[in-house]
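The next block holds one structure in the form of structure tokens; read it before the comments.
Read-outs throughout are calculated quantities, based only on the coordinates presented, and are distinct from any laboratory measurement. Only a predicted model underlies this, so the values are computations on that prediction, with no experimental measurement involved. Neighbour counts are summed over all protein chains in view; Cβ atoms, including those assigned to glycine, are modelled from backbone coordinates with ideal geometry.
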Amino acid sequence: MLAGKLGLPQVASGDLFRQALAKETDLGKQARAYMEKGQLVPDEITIKMVLERLAEPDCKDGAILDGFPRSLGQARALDMAFGQQAREIDKVVYIKVSEAELLKRLGGRWICRDCQAPYHEADSPPKEKGRCDRCGGELYQRPDDNAATVKNRLEVYFKETSPLIDYYKKAGKLLEIDGEGKTDAVNQRLAAALRRD
């Protein structure tokens, strides 16, 4: 939603990892073992992937980073790299959601193998179980979306990622949004917060 409104590309670290895995790049192979266990991919791998993507022509006017940075080390490395390019992070959006809701959302996610359309078994199920409404492709659950891995991902998040809230708050760049409820309501709160800021 935000990428469309602002006309900027969405650069999602998870997508970059999955593309690198599919293409079997060296960085993708290095990332695989960490992702399948729900662990954070080491900073040097993640930063290299993101900076390579941000150097592409469609990002010259900016981009929306999704899932990056995830640690203080990544945030500091990004600030340093951007400082060398006379760029900076404008705003950081923290979409606050309870742990119970996160477990429900992440554990029920399914993706189409062919067109990558997302589904959720409770909130947006396909018309036919296991089949994509758009293209008829097979739906699958990513290895990092099973219940045990999701629980581990949340533990890693609270340990590694939550310190970013204070980091960006102190920098005057944090917008906190209530992420509970339907997608449309969350999107409206996000758009309203960005307009005010």
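Which of 115, 59, 132 ends up with the largest GNM mean-square fluctuation for the chain, with Cα atoms connected below 10 Å? Sorting by GNM fluctuation, first place goes to 115.
Global size of the stretch 9-89: 12.4, 36 Å for Rg and Dmax (C-alpha atoms, Rg to one decimal, Dmax whole). The phi torsions of the stretch 100-113, fed into the Karplus equation with coefficients 6.51, -1.76 and 1.60 and a -60° offset, translate into couplings of 4, 5, 4, 4, 5, 5, 6, x, x, 7, 10, 10, 6, 5 Hz, rounded to whole numbers, with Gly and Pro shown as x.
Normalising the average separation of contacting C-alpha pairs (under 8 angstrom, six or more residues apart) by the number of residues puts the relative contact order of the stretch 56-197 at 29 percent. Neighbours of residue 38, meaning other residues whose beta-carbon lies under 11 angstrom from its beta-carbon, give a summed charge of 0 when Lys and Arg score +1 and Asp and Glu score -1.
Counting only other residues whose beta carbon sits under 11 Å from that of residue 113, what net charge do I get with K and R as +1, D and E as -1?
Net of charged neighbours comes to 0.
With Cα atoms defining each centre, the stretch 52-121 and the stretch 176-197 are spaced 17 Å apart in the structure. Lysine pair count for the stretch 30-171 (Cα-Cα distance under 18 Å; residues 8 or more apart in sequence or on different chains): 14. In terms of surrounding Cβ atoms within a 10 Å radius of their Cβ, 168, 140 rank from fewest to most as 140, 168. Residues whose amide H comes within less than 5 Å of that of residue 11, counting only those at least five positions distant or on another chain, are 64, 65, 66 (H built at 1.01 Å from N in the peptide plane).
For the stretch 9-89, what relative contact order do you get, as a whole percent, if you take Cα pairs closer than 8 Å and at least 6 residues apart? Relative contact order comes out at 36 percent. Put in order of Cβ neighbour count within 10 Å, fewest first, the listed residues 156, 41 become 156, 41. Rg and Dmax of the chain, both derived from C-alpha coordinates alone, stand at 17.2, 51 Å.
Listed by Cβ neighbour count within 10 Å, with the fewest neighbours leading, 184, 66 appear as 184, 66. Largest GNM mean-square fluctuation across 142, 53, 134, computed for the chain with C-alpha springs under 10 Å, falls on 134.
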